[in-house]
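The values are calculated or read from the model by the stated rules, or taken from the named source; none is laboratory data. From a predicted model like this one, the values you see are computed outputs, not experimental measurements. Here the Cβ positions follow ideal geometry from the backbone for every residue, glycine too, while neighbour counts run over all protein chains shown.
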Amino acid sequence: MGKIGLDNVKLNYNDNGTVYNALDGLTFDVKEGEFVSLIGSSGCGKSTALSVLSGLRDPDSGTLLIDGQPTTGTGKNRGVVFQHYSLFPWMTVIKNVEYGIRQVFPDKPKKERLTEAKKYLEKVGLADFVSKYPFQLSGGMQQRAAIARTLAMKPEILLMDEPFGAIDAKNRVVLQDLLLQILEESDEKKTVIFVTHDVDEAILLSDRILFMDQKKISKEIAVNFPRPRNREELIDKEAYRTLRKRVVNLFYYESDEKSDVEGGEGI
Amino acid sequence: MIQKLHRVLPHILFIILIALVLSPSVEGTGQYLPFLVVCIAIEMSLIFNFKKNVANDIGIIVYIFLIIWEYFTAKVGLKNAMLYPAPENVFAIFPKDYEKILEGVFSSLRLMFAGFGLALLFGVSLGLLVGLSNRTSSILMPIVKVISPIPPIIYSPYAVALLPSFRAASIFVITLTIFWPIFMNMILSVQQIDRKIMDSARTLNIQRGSMIWHILLPYSLPGIINSLTVSVSTSFLVLTAAEMIGATSGLGWYIKYHSDFANYSKVVFGIIMIGVIVTLLNVLISLIRKILIRWK
Ligand SMILES: Nc1ncnc2c1ncn2[C@@H]1O[C@H](COP(=O)(O)OP(=O)(O)O)[C@@H](O)[C@H]1O
Ligand SMILES: [Mg+2]
């Protein structure tokens with residue numbers, strides 16, 4: 001039995017009478033402590049899938065299962081990081097994090113909540129920016145703060161919807177490493193579902209990559225590199241290049257012929 | 001060269017104005033000191049804002065206006081001197097009549113603030129209530145759309161006749177003037193709240209009370225303050241109009257009362273006072289905006 005999963009989920013969008021089918025029998029299962037990437041071309045329904053997992057939308061048919069239990073609505077066991085605007089613009093960065101903590105631990109005294117918030121902001125490298133407002137931060141810093149808030153709420157499951165998708169290439173690498181490091185340091189092992197369309201990001205972070213296509217999962221690949229992972233060491237490995245080629249083929253050409261891969265150079 | 005001239009022009013005009021004020025006037029012109037103080041105050045604020053180009057332009061226009069006014073009333077002397085009071089006479093009203101004037105100002109302001117308070121209270125809370133319930137808003141919105149565009153100033157004679165006291169009537173009319181824009185703004189901002197902010201709030205599992213207090217209210221605050229900015233001048237206008245009809249104090253009453261006695265120095269001074277007060281109220285609101293909305 002998995003930690004979180006979808007069973008035959010169908011979801012339609014209703015836009016002023018025109019019905020658009022966004023998910024059609026989506027099924028997958030994520031084990032406790034597993035990091036799974038959901039990869040697929042834009043518009044294939046990744047964000048929709050994540051909104052079902054987070055409980056923002058309930059499916060028209062099929063079930064969201066958490067710890068084996070059918071679940072509807074949002075819950076404190078899940079934390080979500082979106083691509084844009086997870087933070088409330090009228091709260092300072094530390095207030096944003098403290099406010100998040102307060103929703104989960106309302107009985108904790110405010111002073112402790114602030115200390116806790118500060119601790120998480122230090123973890124993501126924002127110690128000097130705690131009393132800034134979100135509009136005063138770069139996109140990358142805002143995502144750091146959003147991640148700090150989500151982690152500070154100690155959810156068992158992390159749902160991330162292209163959290164680094166809008167960030168420049170250089171900072172994206174820094175943030176990927178940071179996420180990797182934070183997850184490895186965290187006491188309880190988090191279960192993570194991470195939406196991306198970046199192949200390297202998916203390989204670096206995941207235990208398993210799910211390919212989404214035509215409103216459901218088409219294929220999956222396990223990523224068995226040992227942890228803790230290190231980007232420089234990883235990309236030097238022959239096995240990494242082989243795997244990468246396979247993922248790229250699956251992603252862009254939808255073929256999985258291993259013969260193509262052997263002897264192929266890294267891209 | 002022209003730019004330099006543009007920079008010094010208001011100050012040259014100021015000197016001309018002062019020279020004009022100090023030169024001998026026609027008979028019947030009052031003490032010039034209060035007017036002189038006003039001129040110097042204008043010059044000071046001009047010097048204070050010297051970096052802003054627009055202040056320069058405004059200064060030029062104001063001084064030209066004052067020079068013309070001063071020249072034709074106090075120096076040449078128009079035929080109908082009573083209808084066109086000299087600036088000296090207008091500004092001399094204040095030291096003579098300040099008790100009555102300040103009393104009028106405070107009486108008007110008290111009514112204004114009462115109306116503001118009530119309009120904020122009802123506009124925000126009812127707006128939240130209606131905005132949060134699709135059912136209520138679908139019933140009420142068509143009705144509201146018919147009633148809200150009627151300018152509340154239209155009600156004021158009726159309200160004065162209907163309500164027990166003039167104070168109640170004017171508070172009612174002011175409240176209504178400010179209420180509609182706040183109410184409408186609140187409904188719209190609750191119903192059309194940014195999806196991203198709403199999704200983020202929902203994934204945090206925020207309780208309903210905190211949702212209103214920490215999310216919906218701060219989200220709507222800029223809109224509320226904007227609608228206050230728009231309605232502050234209108235509501236003061238409505239108040240002074242109402243005071244002309246039924247009050248025994250206030251600036252509107254002051255103007256109406258003295259125009260009945262053909263004391264046009266006081267009438268003009270009252271009009272200037274209204275301009276000053278509306279400006280001060282606008283400054284107050286932008287100050288409040290600066291304090292409350294530091295996040296934009
Ligand atoms: N609120 C909505 N109303 C109608 N259609 C939507 C809505 N949100 C997304 N869609 C449509 O559903 C499909 C899947 O969207 P999405 O899940 O955002 O894809 P992805 O995240 O993979 O890019 C797209 O075709 C998109 O246009
Ligand atoms: Mg998406």
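Assorted remarks:
- Consider the stretch A:18-49 and keep the residues that are charged (D, E, K, R) and surrounded by fewer than 18 Cβ atoms within 10 Å (Cβ to Cβ). The one that is nearest to ligand 2 (Cβ to nearest atom) is A:ASP24.
- Condition broken by A:GLU98, with the remaining ones in (1) more than 30 Å from A:TYR13 (Cβ to Cβ); (2) of a type outside the set (S, T, N, Q); (3) in contact with a Phe, Trp or Tyr (Cβ under 8 Å, 6 or more places away or on another chain) satisfied: (3)
- Subset of the stretch A:50-63 that is within 14 Å of chain B (Cβ to nearest Cβ) and farther than 15 Å from B:MET198 by Cα - its residue that is nearest to ligand 2 (Cβ to nearest atom): A:LEU50
- Within the span defined as the stretch A:8-16, one or more residues are away from chain B (no Cβ under 13 Å) and touching a Lys or Arg at 6+ places or on another chain (Cβ under 8 Å).
- A:SER42 vs. criteria within 16 Å of ligand 1 (Cβ to nearest atom), more than 24 Å from B:ARG294 (Cβ to Cβ) and out of contact with any Leu (no Cβ under 9 Å at 6 or more places or on another chain): yes
- One residue stands out among those in the stretch A:7-30 that are over 15 Å from the mean Cα position of the chain (by Cα) and within 25 Å of A:PHE164 (Cβ to Cβ): the one that is farthest from ligand 1 (Cβ to nearest atom), which is A:PHE28.
- Matching residues, the stretch A:151-193, being at positive phi and either within 16 Å of ligand 2 (Cβ to nearest atom) or surrounded by 20 or more Cβ atoms within 10 Å (Cβ to Cβ) (or both): A:GLU162
- Selection from the stretch B:161-210 of residues that are under 23 Å from B:LEU132 (Cα atoms), surrounded by fewer than 17 Cβ atoms within 10 Å (Cβ to Cβ) and of a type in the set (A, V, I, L, M): B:LEU188, B:ILE193, B:MET198
- Selected residue (only one of B:GLY30, B:GLY77 is among the small types (Gly, Ala, Ser) and either over 25 Å from B:PRO95 (Cβ atoms) or crowded, with 16+ Cβ neighbours inside 10 Å (or both)): B:GLY30
- The stretch A:195-244, residues that are more than 13 Å from ligand 1 (Cβ to nearest atom), crowded, with 21+ Cβ neighbours inside 10 Å and assigned to a strand (DSSP E or B): A:ILE209
- The stretch B:1-27: number of residues that are closer than 16 Å to B:ALA74 by Cβ and either basic (Lys, Arg) or surrounded by fewer than 13 Cβ atoms within 10 Å (Cβ to Cβ) (or both): 5
- Checked against the criterion of being within 21 Å of the chain's Cα centre (by Cα) and farther than 27 Å from A:GLN181 by Cα, the candidates A:GLY100, A:GLY73, A:GLY79 yield just one match: A:GLY73.
- Strands (runs of 3 or more DSSP E) fully within the stretch A:1-59 counting 3 or more residues that are in the same structural domain as A:ARG208 (by TED's automatic domain parsing) and among the hydroxyl-bearing types (Ser, Thr, Tyr): A:18-30
- Single residue of the stretch B:28-49 satisfying the filter (in contact (Cβ under 8 Å) with a residue 12 or more places away in the chain and not in a helix (DSSP H, G or I)) that is farthest from the chain's Cα centre (by Cα): B:GLY28
- Helices (runs of 4 or more DSSP H) wholly inside the stretch B:187-271 containing at least 1 residues that are more than 14 Å from chain A (Cβ to nearest Cβ): B:217-246, B:251-260
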